[in-house]
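Encoded as C-alpha cells, the structure appears first; notes follow it.
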Amino acid sequence: MSHYEHEHATPTNARAHRLRQAVDAHGLGDMWDMILTLDYQVEHVGDLMPDARDQFLDIIDLLLRAFTTRS
C-alpha cells in the first residue's frame, strides 16, 4: 500500500518540489539547506509544521527570484 497524503498537503508538497527543482537548477541548493538547518533547525522541509513550511517556501521563492533575476 502506498503512503497516504492528505489532499490539502499535496499543493504544498508540489510547491516545495517545484521550488527545490528551481533551486537545484540554479545551483542554490546550499542556500536551501542552510536556511532549513540554521533558521528552522530541521533537515527536510517535510519536517516543518505547516505554517513554518509556508513561511520557508515564501522565503525560498523570494530568494530564488532575487538570485535569478537578470538585470
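Exactly one condition in (1) polar (S, T, N, Q); (2) modelled with pLDDT of 95 or more; (3) surrounded by 10 or more Cβ atoms within 10 Å (Cβ to Cβ) is false for Asn13; which is it? Of everything listed in (1) polar (S, T, N, Q); (2) modelled with pLDDT of 95 or more; (3) surrounded by 10 or more Cβ atoms within 10 Å (Cβ to Cβ), Asn13 misses just condition (2). Pairs linking a residue in the stretch 53-66 that is under 13 Å from Ile35 (Cα atoms) to a residue that is open to solvent by 50 Å² or more (accessible area, probe 1.4 Å) and not aliphatic (A, V, I, L, M), with Cβ atoms under 6 Å and 6 or more positions apart or on different chains, are Leu57/Arg15.
Summed over the stretch 44-71, residues that are modelled with pLDDT of 95 or more and of a type in the set (Phe, Trp, Tyr) total 1. Filtered by the rule that a residue be of a type in the set (Gly, Ala, Ser), open to solvent by 60 Å² or more (accessible area, probe 1.4 Å) and either assigned to a helix (DSSP H, G or I) or in contact (Cβ under 8 Å) with a residue 12 or more places away in the chain (or both), the stretch 17-45 gives a lone residue, Ala25.
The values are calculated or read from the model by the stated rules, or taken from the named source; none is laboratory data. Since the structure is predicted, the reported quantities are computational estimates derived from the model, not experimental observations. Virtual Cβ from ideal backbone geometry, glycine too; neighbours counted across all protein chains shown. Please note that ligands, DNA and RNA were not included when accessible areas were found on the heavy atoms of the full protein model with its side chains. Shrake-Rupley method; radii C 1.70, N 1.55, O 1.52, S 1.80 Å.
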